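Single-structure report; data block below.
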Amino acid sequence: MKARHSRLKLLGAAVAAAVASPAFAQSSGSVTLYGVVDDAIAYVNNQKGHSNVYLRQGSLYSSRFGIRGSEDLGSGTHAIFDLQAGFDPNNGAEGSKGLLFNREAFVGLQNNQYGTVTMGRQYTSYYTLLGPLGPSSYLTGATGAHPGDIDGLDTTIRSNNSVVYTSPVLYGFQLSGMYGFGGVPGQFQSGSTISAAGTYRHGPLALGVGYLLMHNTGDTGAFSPNATASYGTSAVNAGYVSASSVQHIAASANYTLGNLIMGVNYSNVQYRPGTNSLYKDTVVFNTYGALAKYTFTPAFDVAGGYSYTRSSSANGITDPAKYHQVSLKEAYHLSKRSTIYALQVWQHASGKTLGADGSIIDARPVVGDLNNSMPSSTANQIAVLLGLAVSF
């Protein structure tokens, strides 16, 4: 009886091993620690009425570290994850107080034939596909983003509780869609985020279009931190942060001619009021941009860009805010991982806008995405930076 029992146990173990072995035998994975440390000496001619010289992190590439992993599940499918945390090398602080992995934190499945599905805190489809074609990619977000990153083409916007699908590239086309679940019982739309984007690449030509809609969670008089997405705030949009929803539509086109890349971009941003908003009429910001990058050698490249942003006549404003911005960048790559760079930007603002208290005030410049909380006290703002970025 004992012998028979032993044989049954051995048979069961053999069957279990036979079933399990193929799945584990094909499985292989990797985990990578990566990141970048970026710091620069910055000079700004006017911040709230005074010139300023200071150290600023992340002016070429935002300082961060991350852990990403991939496991081969067979048949072209991988389980993936990415955890990415921003930090300030000047004081060691978290990029966002109380958020360790403030930049991204997601898990998903990736298939070579069917595309990628991820869940967690992540960039919107709007930014993921359009960002590489825009000013922040070629000029950096610090000084190249449109005023105050009004259209979210820099890395400002992320969505919590989101699911993203991104297709593989097929005949030059790639599509992506995202939904961020608001999680408000009985109010499916409240606090939610919707995004979609598509790109087409063929030879030297690259085209992209994107859509983003961020819902607030009720009429609170401010954009709730409980909403799945949050956008950058600055002197450009300070009077409209109490919106019930914010919509972004953007398009970009780039053309490569040898060592020269030329691009144009357009964005339309709408701040829609709610019952308790500090304004009554939807306000629209239209931005028109152009950029160029030239690579002299593999080690040295320069880029320049111009943008014009105009607000709509609304909420008692007949002379709406207008922003002209010129940005320049020079980068010398000491190696594949280390870069010395210089940035210069000038912005001129005119017209009227709404202040944080809803009153009509003079529009004031805030260059790129450099220091959104410190606009100039005059109509012009200039910034110059010299920095070093090292990746790992």
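All of the numbers you see were taken from the coordinates with simple rules; none came from a lab. Note that the coordinates shown come from a computational prediction; the quantities given were computed from them, not determined experimentally. Don't worry about glycine lacking a Cβ; one is built from the backbone with ideal geometry, like all the others, and counts go over all protein chains shown.
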Exercise. Starting from the Cα of Arg201, step 7 Å along the direction of its Cβ; do the same at Asp88; then give the gap between the two resulting points in nm.
Key: 3.5 nm
Exercise. Determine, for Ile360, Ile382, the number of other Cβ atoms within 10 Å of each Cβ, and report the residues in order from fewest to most.
Key: Ile360, Ile382
Self-check item: Positive-pole candidate from Pro168, Phe65, His78, dipole of the stretch 29-391, charges at beta carbon
Solution: Pro168
Quiz prompt | Positive-pole candidate from Thr378, Asn315, Gly218, dipole of the stretch 29-391, charges at beta carbon | solution = Thr378
Quiz item: Please state the Cα pair-distance histogram of the stretch 258-392 with 10 angstrom bins from zero: what percent is in each bin?
Solution: 11, 32, 29, 17, 9, 1
Quiz item: Taking the Cα atoms only, what angle lies between the long axis of helix 2-25 and the longest principal axis of the chain, rounded to 10 degrees?
Solution: 30 degrees
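Of Lys280/Lys352; Lys48/Lys322; Lys97/Lys280, which pairs sit farther than 24 Å apart, going by alpha carbon to alpha carbon? Write out the running numbers ahead of the final one.
On the way: Lys280/Lys352 16 Å; Lys48/Lys322 19 Å; Lys97/Lys280 33 Å.
From Lys280/Lys352; Lys48/Lys322; Lys97/Lys280, over 24 Å: Lys97/Lys280.
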Quiz prompt | Residue exposure sequence - Met214, Met374 - by fewest surrounding Cβ within 10 Å | solution = Met374, Met214
Self-check item: Relative contact order computed over the chain (Cα-Cα under 8 Å; 6+ residues apart), in percent
Solution: 15 percent
Self-check item: Low-density loop cleavage sites - chymotrypsin sites (Phe, Trp or Tyr not before Pro) in the stretch 140-174, where at most 10 other Cβ are within 10 Å (DSSP)
Solution: Tyr171
Quiz item: Translational D (Stokes-Einstein, µm²/s) of the chain at 37 °C and 0.692 mPa s when Rh comes from the Kirkwood sum over C-alpha pairs?
Solution: 145 µm²/s
